[in-house]
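Structure first, commentary second.
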Amino acid sequence: MQIVLSSHLFVRHRLTTVWLERVWAAGFSAGEAFCARQHFDYRDKAQIKQLGHWFRDSDLKTHSIHAPMYTDDVWGRSGPHAVIDISETTKGKRIVMVDEVKRALEAAEVVPFRYMVQHIGVSGQEFDQRRMDAAFSSLDELKVFAGQRGVEILLENTPNALSTAERLNLFLNETHLNLNYCFDIGHAHMAGSITDQFERMKDRIRSTHLHDNDGESDSHLFPGKGTLDWDKAMELLQSRPKQYPLLLELREPAGMANPIEEARRAMDELTRRL
């Protein structure tokens, strides 16, 4: 199975070719660029151009990008207006948010990638049919925009009442959008059962997010640092080995000297279970 690393691991740093060289040197064949403006600023044409030149001459590929979650460069701390939520029910606000996601998709014109991972709603959000209707309007538009750039949108199971595996399946059955999934195993653990969530999503899984937690906090720990059953996890994931890569989406621990090399060691530990 292809092994991929999300740049979420070093999201506190500017995404430069130096970091990409380290990812390649560690033995990852592809990456996922996390769209956070302090890190991968999809609005910054100079940064996009520099990365585009590097990828043209590199064997490291961009598997995917993660859609932006905030419009600012401080993780939304500038205020509620900075939070990107494609399920926003106020049409004017929703249009602004969809336009922001489109700016990220435009990066594919310079740095080609196959997938964009998209959330529906924000963490902890309660179910509201109006929000699902708004999400449909957003995704209907974004799907066309992405397709024109050779990109496929993947919906991620996230810790809210709008996008559990059950809700995502219901959403696609009702809307006929025919989108596929990014299976986040850490979020599935928080939902109570990685097996149940995987079984519900498996036919549409095209990418993964692998990380650990205590079943309650979305802490993006290295595998083995939480309570997730990784023997069971790898048993599930290897059941469809040609359908998706193994993609680590980790948070950089304080004081860790070489996080990318440590991520590769963590991946090696996981693949030894296959």
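The values are calculated or read from the model by the stated rules, or taken from the named source; none is laboratory data. Predicted model, so just to flag it, every value in this text is computed and none were measured. A quick note on method: Cβ atoms are made from the backbone with ideal geometry, for glycine too, and the neighbour counts reach across all protein chains shown. Heavy atoms of the whole protein, side chains included, go into the accessibility calculation; ligands, DNA and RNA do not. Shrake-Rupley method; radii C 1.70, N 1.55, O 1.52, S 1.80 Å.
Along the Cα-to-Cβ line of Arg149, 7 Å from the Cα, sits a label point; which residues in region 50-65 have backbone N less than 11 Å from it?
In region 50-65, the label zone of Arg149 (backbone N under 11 Å from the point 7 Å along Cα→Cβ) covers 65.
Could you give the size of the charge dipole of region 1-143 about its Cα centre, using +1 on the Cβ of each K and R and -1 on the Cβ of each D and E, expressed in debye and rounded to the nearest 20?
For this selection, approximately 200 debye.
Using a probe radius of 1.4 Å on heavy atoms only, what accessible surface per residue do you get for region 1-65? Whole Å² is fine.
Details: 2820 Å² over 65 residues.
Result: 43 Å² of accessible area for each residue.
So if I take the centroid of the Cα atoms in region 48-74 and the same for region 4-28, what is the distance between those two points in Å?
Taking the Cα centre of region 4-28 as reference, the centre of region 48-74 is 10 Å away.
What accessible area per residue comes out for region 113-239, rounded to a whole number of Å², with a 1.4 Å probe? Working shown, then result.
On the way: 5140 Å² over 127 residues.
Per residue, region 113-239 has 40 Å² of solvent-accessible surface.
What nm value, rounded to one decimal, do you get for the distance between Asp140 and Val83 when each label is placed 7 Å out toward the C-beta?
2.5
Using a 1.4 Å probe on the protein chains only, how many percent of the accessible area of region 26-144 belongs to carbon and sulfur?
On the way: 2780 of 5470 Å².
Here it works out to 51 percent.
For the chain, the longest stretch holding no trypsin sites (Lys or Arg not before Pro) located in a DSSP loop with at most 10 other Cβ atoms within 10 Å is which?
Values: sites that count: Arg77, Lys242, Arg272.
In the chain, the maximal stretch lacking such sites is 78-241.
Need the list of lysines near Lys202 for cross-linking: C-alpha distance under 28 angstrom, and skip anything on the same chain fewer than eight residues off.
Those lysines meeting the cut-off are Lys61, Lys102, Lys143, Lys225, Lys232, Lys242.
Please give the charge dipole size of the chain, origin at the Cα centre, charges +1 on K and R Cβ atoms and -1 on D and E Cβ atoms. Round to the nearest 20 debye. Don't jump to the answer; show the numbers that get you there.
Values: 34 positive and 40 negative charges, 138 e Å.
Using only the charged Cβ atoms, the result is roughly 660 debye.
Could you list the GluC sites (Glu not before Pro) in region 70-137 that lie in coil according to DSSP, counting only those with at most 13 other Cβ atoms within 10 Å of their Cβ? Walk me through the numbers before you get to the answer.
Working: sites: Glu88, Glu100, Glu106, Glu109, Glu126; in loops: Glu88, Glu126.
Of the GluC sites (Glu not before Pro), the ones in loops of region 70-137 whose Cβ has at most 13 other Cβ atoms within 10 Å are Glu126.
With only Lys, Arg, Asp and Glu charged, each at its Cβ (+1 for the first two, -1 for the last two), find how big the charge dipole of region 53-92 is about the Cα centre; round to the nearest 20 debye.
Using only the charged Cβ atoms, the result is roughly 80 debye.
Calculate, in nm to one decimal, what Asp99 and Glu199 gain on full extension: separation in residues at 0.36 nm each, minus their alpha carbon distance. Show your work: numbers first, answer last.
Working: separation 100, 0.36 × 100 = 36.00 nm, distance 3.37 nm.
Full extension of this stretch gives 32.6 nm more.
If you take the beta carbon distance between Glu126 and Asp59 as r and set R0 to 41 Å, what does 1/(1 + (r/R0)^6) give as a FRET efficiency, to the nearest 0.05?
Values: r = 45 Å, r/R0 = 1.10.
Efficiency, rounded to the nearest 0.05: 0.35.
Indicate, rounded to the nearest 5 percent, the antiparallel portion of the DSSP beta bridges found entirely in the chain. Spell out each step's value before the answer.
Numbers: 2 of 28 bridges.
Close to 5 percent.
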